[in-house]
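Here is the structure we will look at, set down as structure tokens.
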Amino acid sequence: MSLASKTKDIVKHFEFKFSKSLGQNFLIDQNILNKIVDSAELDENSTAIEIGPGIGVLTQEMARRCKKVIAVEIDDTLIPILNETLANFENIKIIHNDALKVDFKKLIEEEELENIKLVANLPYYVTTPILTKVLMDKLPLKSIIVMIQKEVADRIVAKPGTKEYGSLSILVQYYCDVHKVCKVSRNCFVPPPKVESSVIKMDLRPPKYHVVDEDLFFNVVRQAFNMRRKTLFNALKPIGLKEDELHNVFIEADIDEARRGETLSIEEFAKLSNIIYTKLKK
Ligand code: SAM
């Protein structure tokens, strides 16, 4: 039986009602499902954390290939369905909660998870908050493989000087090597979402550039992109330095203060924020 028919049968059998506000678009394309699981490179020593298992199709496929899957689902009406569709798997734990409220650090410790991949067909409304949470909390993840809205994937992989390049590109590329796995058509879901999707893989690694104060670094990045049309000098005025000190920051960093934030590489943002740090500390 095809994944599409299986999904439609389960939805019908349980009289499940899709919720738009929870971003419920279930994957019904076996080929894409395989691509997601293959790119996660799961084996008997790895564990997967899934956000939003839906009716559990991705969950099952991962459970067949790895040691343990922890699946976090917010929707009350999906829990009894998951209890049935995943009943034959002893290596799946369902957590009924909002993924944004889960203390993943504690969970990873309690469950003694190792070699962890975060894998999800993400509800699109939580993409940025989830990525921000797991990266800023420095969860010990090997990689993140997610299906997300194509536009957001384009922003994540964007290079300096492009219109897609912004705070999200820098947040992700500071912590990870990123690449797109594949584009996904709207027809691969039930119900079809309004937008196209992409699967994207992020491999976590130590940051490539030395940053003295990461909070300040990300604050500088946010300020620089807050008003994209402003020169860097004007955009960074609220950072807390006197104007002459701020001019000196750019001279020391050898960065033209009339440039726009969107042209700066991560390395240049790191340099800028490290010099700002020393001036703020004086
Ligand atoms: N994994 C399934 C699939 O691929 O077909 C379902 C993916 S669907 C795009 C998103 C899933 O995330 C839904 O099951 C939805 O109920 C769940 N969800 C939405 N918001 C959530 C949140 N804050 N925390 C956990 N799960 C959430």
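The values are calculated or read from the model by the stated rules, or taken from the named source; none is laboratory data. What you see is a predicted model; the values in this text were computed from it and never measured. Note that each Cβ is placed from the backbone with ideal geometry, even for glycine, and that neighbours are counted across all protein chains shown.
Take the residues in the stretch 65-93 that are within 11 Å of the ligand (Cβ to nearest atom) and either under 21 Å from the mean Cα position of the chain (by Cα) or part of a loop (DSSP other than H, G, I, E, B) (or both), then tell me which one is farthest from L135 (Cα to Cα).
Filtering the stretch 65-93 for residues that are within 11 Å of the ligand (Cβ to nearest atom) and either under 21 Å from the mean Cα position of the chain (by Cα) or part of a loop (DSSP other than H, G, I, E, B) (or both), the one farthest from L135 (Cα to Cα) comes out as D75.
Whether any residue in the stretch 111-118 is more than 16 Å from C176 (Cα to Cα), at pLDDT 95 or above and either outside any loop (DSSP other than H, G, I, E, B) or within 10 Å of the chain's Cα centre (by Cα) (or both) is what I want to check.
Looking for residues that are more than 16 Å from C176 (Cα to Cα), at pLDDT 95 or above and either outside any loop (DSSP other than H, G, I, E, B) or within 10 Å of the chain's Cα centre (by Cα) (or both), one finds none in the stretch 111-118, hence no.
Tell me, please, whether a residue that is in a strand (DSSP E or B), assigned by TED's automatic domain parsing to the domain that holds G166, within 15 Å of the ligand (Cβ to nearest atom) and not basic (K, R) can be found in the stretch 132-141. Let's see the steps before the verdict.
Kept after step one, since they are in a strand (DSSP E or B), are these residues of the stretch 132-141: 141.
In the following step, the residues that additionally are assigned by TED's automatic domain parsing to the domain that holds G166 were identified as 141.
Those still in the list that are within 15 Å of the ligand (Cβ to nearest atom) too: none.
Taking every residue of the stretch 132-141 in turn, none turns out to be in a strand (DSSP E or B), assigned by TED's automatic domain parsing to the domain that holds G166, within 15 Å of the ligand (Cβ to nearest atom) and not basic (K, R).
Counting only residues that are part of a loop (DSSP other than H, G, I, E, B) and within 11 Å of the ligand (Cβ to nearest atom), which one in the stretch 1-23 is surrounded by the fewest Cβ atoms within 10 Å (Cβ to Cβ)?
From the stretch 1-23, those part of a loop (DSSP other than H, G, I, E, B) are 1-2, 14-23; that's our starting set.
Now narrow it down to the ones that are within 11 Å of the ligand (Cβ to nearest atom): 16, 18-23.
Details: F16: 18, F18: 14, S19: 13, K20: 10, S21: 7, L22: 17, G23: 18.
Among residues in the stretch 1-23 that are part of a loop (DSSP other than H, G, I, E, B) and within 11 Å of the ligand (Cβ to nearest atom), the one surrounded by the fewest Cβ atoms within 10 Å (Cβ to Cβ) is S21.
Is it fair to say A48 is within 11 Å of the ligand (Cβ to nearest atom), buried (at least 20 other Cβ atoms within 10 Å of the Cβ), of a type in the set (A, V, I, L, M, F, W, C) and under 21 Å from the mean Cα position of the chain (by Cα)? Quick ask: steps written out before the conclusion?
Values: within 11 Å of the ligand (Cβ to nearest atom): no; buried (at least 20 other Cβ atoms within 10 Å of the Cβ): yes; of a type in the set (A, V, I, L, M, F, W, C): yes; under 21 Å from the mean Cα position of the chain (by Cα): yes.
Here the answer is no, as A48 does not meet what is asked.
With the checklist (1) within 16 Å of the ligand (Cβ to nearest atom); (2) over 25 Å from L232 (Cβ atoms); (3) modelled with pLDDT of 95 or more in hand, flag the one item D177 doesn't pass.
(1)
Looking at (1) surrounded by fewer than 20 Cβ atoms within 10 Å (Cβ to Cβ); (2) within 11 Å of the ligand (Cβ to nearest atom); (3) among the aromatic types (F, W, Y), which one does F26 not meet, given that it meets all the others?
(1)
Which of (1) surrounded by 13 or more Cβ atoms within 10 Å (Cβ to Cβ); (2) more than 16 Å from the ligand (Cβ to nearest atom); (3) not acidic (D, E) is the odd one out, the single condition K106 does not satisfy?
(1)
Being farther than 12 Å from A99 by Cβ and touching a helix residue (DSSP H, G or I) at 6+ places or on another chain (Cβ under 7 Å) is the filter here; which residues of the stretch 128-138 pass it? Don't jump to the end; show me each part of the working.
In the first step, residues of the stretch 128-138 are kept if they are farther than 12 Å from A99 by Cβ; the result is 128, 132, 135-138.
Across the stretch 128-138, the qualifying residues are T128, T132, L135, D137.
The rows are residues; the columns are (1) assigned to a loop (DSSP other than H, G, I, E, B); (2) modelled with pLDDT under 95; (3) over 30 Å from N34 (Cβ atoms).
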| position | (1), (2), (3) |
| --- | --- |
| Q173 | no, no, no |
| K194 | yes, yes, no |
| D203 | no, no, no |
| P206 | yes, no, yes |
| V212 | yes, no, yes |
| K230 | yes, yes, yes |
